[in-house]
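A.B. asks: Can you read through this structure? Questions will come right after.
The values are calculated or read from the model by the stated rules, or taken from the named source; none is laboratory data. On a predicted model such as this, the values are computed, not experimentally measured, just so you know. Cβ sites come from the backbone with ideal geometry, for glycine too, and all protein chains shown count toward neighbours.
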Ligand SMILES: NC(=O)c1ccc[n+]([C@@H]2O[C@H](COP(=O)([O-])OP(=O)(O)OC[C@H]3O[C@@H](n4cnc5c(N)ncnc54)[C@H](OP(=O)(O)O)[C@@H]3O)[C@@H](O)[C@H]2O)c1
């Protein structure tokens with residue numbers, strides 16, 4: 001069950017928040033239209049010219065566009081790059097409506113940092129979505145700031161539920177979630193690349209290797225989703241007969257300690273997040 005969303009403004013409408021907007025427009029969570037969105041360039045704003053449910057304005061042609069967009073908005077979704085968040089909040093802060101909910105998808109920018117630039121009545125929520133949101137298969141985490149109440153979290157949940165699944169968690173665990181699902185699509189692409197390369201080494205053409213590997217990922221993930229009562233380990237055992245071929249290939253993968261490798265890669269990801277949050281370039 002999702003909350004109906006009141007007036008929404010999106011400041012910075014690129015890959016991430018653009019995908020979220022598409023998901024919201026495809027569903028029925030938006031109770032108030034049009035959605036006011038801003039972009040830097042007029043060319044990006046023109047993308048919405050044929051969409052009557054969106055009122056787009058570009059900073060390039062109207063430097064006041066973001067202040068105008070937040071006026072009357074009960075929810076403000078921030079979709080600019082992390083380094084721009086502080087300046088953007090300084091620019092629009094006093095135009096944000098009393099009690100409005102500000103939701104940011106910017107990596108590494110804490111609710112505390114945003115709250116420091118906003119009035120105390122503004123409810124701040126931090127979110128970490130991922131790119132499969134563009135096809136409705138996103139996985140997002142949301143964490144509330146000091147003033148974020150159940151209504152604010154309900155709005156954030158409704159926004160990200162429009163493009164996938166949503167997990168609510170305390171903010172200290174957002175970097176871990178970012179390492180798992182935020183960066184996760186890149187880890188899966190890397191696995192696909194590695195399996196495709198190995199497939200070519202054992203006799204497949206590049207096209208054959210790509211088709212077989214991608215369809216195997218799709219099929220295996222589909223079976224995991226279609227069998228919620230079975231663990232992935234049970235599904236794996238169903239393919240692994242004693243003394244069979246899969247037993248041999250799994251033994252090689254076990255020897256490579258994939259769990260340890262994944263843990264190390266996620267810990268490196270979190271370390272970098274901490275460096276970025278501390279202001280390192
Ligand atoms: N991509 C991901 O996988 C991902 C995942 C999780 C979180 N995020 C977060 O999402 C945010 C955006 O990333 P993205 O990949 O979507 O970037 P993006 O595609 O470059 O989108 C940025 C948007 O901000 C607009 N913009 C730039 N300056 C502006 C200004 N002063 N006022 C209003 N709009 C302005 C840009 O306009 P133009 O189109 O005209 O340049 C563009 O629409 C980042 O904070 C990132 O941390 C991204």
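A.B. asks: Anything in segment 227-258 that is over 17 Å from residue 191 (Cβ atoms), within 28 Å of the chain's Cα centre (by Cα) and surrounded by 10 or more Cβ atoms within 10 Å (Cβ to Cβ)? List them, or say none.
C.D. replies: Answer for segment 227-258, where residues must be over 17 Å from residue 191 (Cβ atoms), within 28 Å of the chain's Cα centre (by Cα) and surrounded by 10 or more Cβ atoms within 10 Å (Cβ to Cβ): 227, 230, 231.
A.B. asks: Tell me which residues, restricted to segment 157-182, are within 12 Å of the chain's Cα centre (by Cα) and in a helix (DSSP H, G or I).
C.D. replies: 159, 160, 161, 174, 177, 178, 179, 180, 181, 182
A.B. asks: Here is a follow-up. For the structure I just gave you, tell me whether residue 97 is surrounded by fewer than 21 Cβ atoms within 10 Å (Cβ to Cβ), near the ligand (Cβ under 10 Å from one of its atoms) and in contact (Cβ under 8 Å) with a residue 24 or more places away in the chain. I'd like the intermediate steps shown before the answer.
C.D. replies: Working: surrounded by fewer than 21 Cβ atoms within 10 Å (Cβ to Cβ): yes; near the ligand (Cβ under 10 Å from one of its atoms): no; in contact (Cβ under 8 Å) with a residue 24 or more places away in the chain: yes.
No: the conditions fail for residue 97.
A.B. asks: Let me ask you something else. Just to be sure I understand the filter: pairs with C-beta atoms under 6 Å, separated by 6 or more residues or on different chains, first member in segment 80-94 and free of Cβ contacts under 8 Å to residues at least 60 places away in the same chain and closer than 9 Å to residue 117 by Cβ, second member near the ligand (Cβ under 9 Å from one of its atoms) and not in a helix (DSSP H, G or I). Which pairs pass?
C.D. replies: 85/106; 85/109
A.B. asks: For segment 52-74, state whether one or more residues are farther than 24 Å from residue 151 by Cβ, more than 15 Å from the ligand (Cβ to nearest atom), assigned by TED's automatic domain parsing to the domain that holds residue 123 and surrounded by fewer than 23 Cβ atoms within 10 Å (Cβ to Cβ).
C.D. replies: For segment 52-74, residues farther than 24 Å from residue 151 by Cβ, more than 15 Å from the ligand (Cβ to nearest atom), assigned by TED's automatic domain parsing to the domain that holds residue 123 and surrounded by fewer than 23 Cβ atoms within 10 Å (Cβ to Cβ): present.
A.B. asks: Looking at 186, 150, 156, which is the one that is at negative phi and crowded, with 16+ Cβ neighbours inside 10 Å? Give the steps one after another, and end with the answer.
C.D. replies: On the way: 186 fails: crowded, with 16+ Cβ neighbours inside 10 Å; 150 fails: crowded, with 16+ Cβ neighbours inside 10 Å.
Just a single option satisfies the conditions, and that option is 156.
A.B. asks: Now for a different question. Which ones in segment 110-139 are in contact (Cβ under 8 Å) with a residue 40 or more places away in the chain, more than 10 Å from the chain's Cα centre (by Cα) and surrounded by fewer than 21 Cβ atoms within 10 Å (Cβ to Cβ)? Steps first, answer last, please.
C.D. replies: So the first thing to find is which residues in segment 110-139 are in contact (Cβ under 8 Å) with a residue 40 or more places away in the chain, and the list is 110-111, 126, 128-134, 136, 138-139.
Then keep just the ones that are more than 10 Å from the chain's Cα centre (by Cα); that gives 110-111, 126, 136.
Those that are in contact (Cβ under 8 Å) with a residue 40 or more places away in the chain, more than 10 Å from the chain's Cα centre (by Cα) and surrounded by fewer than 21 Cβ atoms within 10 Å (Cβ to Cβ): 110, 136.
A.B. asks: Return the residues of segment 140-156 that are in contact (Cβ under 8 Å) with a residue 40 or more places away in the chain and part of a strand (DSSP E or B); say none if nothing qualifies.
C.D. replies: Looking only at segment 140-156, we keep the residues that are in contact (Cβ under 8 Å) with a residue 40 or more places away in the chain, and these are 140-141, 148, 151-152, 154-156.
Within segment 140-156, 140, 141 qualify.
A.B. asks: Oh, and also: Right, residue 24: more than 10 Å from the ligand (Cβ to nearest atom), touching a strand residue (DSSP E or B) at 6+ places or on another chain (Cβ under 9 Å), closer than 23 Å to residue 154 by Cβ and part of a loop (DSSP other than H, G, I, E, B) or not? If you could, list the steps in order and put the result at the bottom.
C.D. replies: Numbers: more than 10 Å from the ligand (Cβ to nearest atom): yes; touching a strand residue (DSSP E or B) at 6+ places or on another chain (Cβ under 9 Å): yes; closer than 23 Å to residue 154 by Cβ: yes; part of a loop (DSSP other than H, G, I, E, B): no.
When the stated conditions are applied, residue 24 does not pass them.
A.B. asks: Here's another thing I want to ask about it. Being closer than 17 Å to residue 105 by Cβ and in contact with a strand residue (DSSP E or B) (Cβ under 9 Å, 6 or more places away or on another chain) narrows it down to one residue among 73, 43; which is it? Working first, answer last.
C.D. replies: Values: 43 fails: closer than 17 Å to residue 105 by Cβ.
Result: 73 is the single residue among 73, 43 that is closer than 17 Å to residue 105 by Cβ and in contact with a strand residue (DSSP E or B) (Cβ under 9 Å, 6 or more places away or on another chain).
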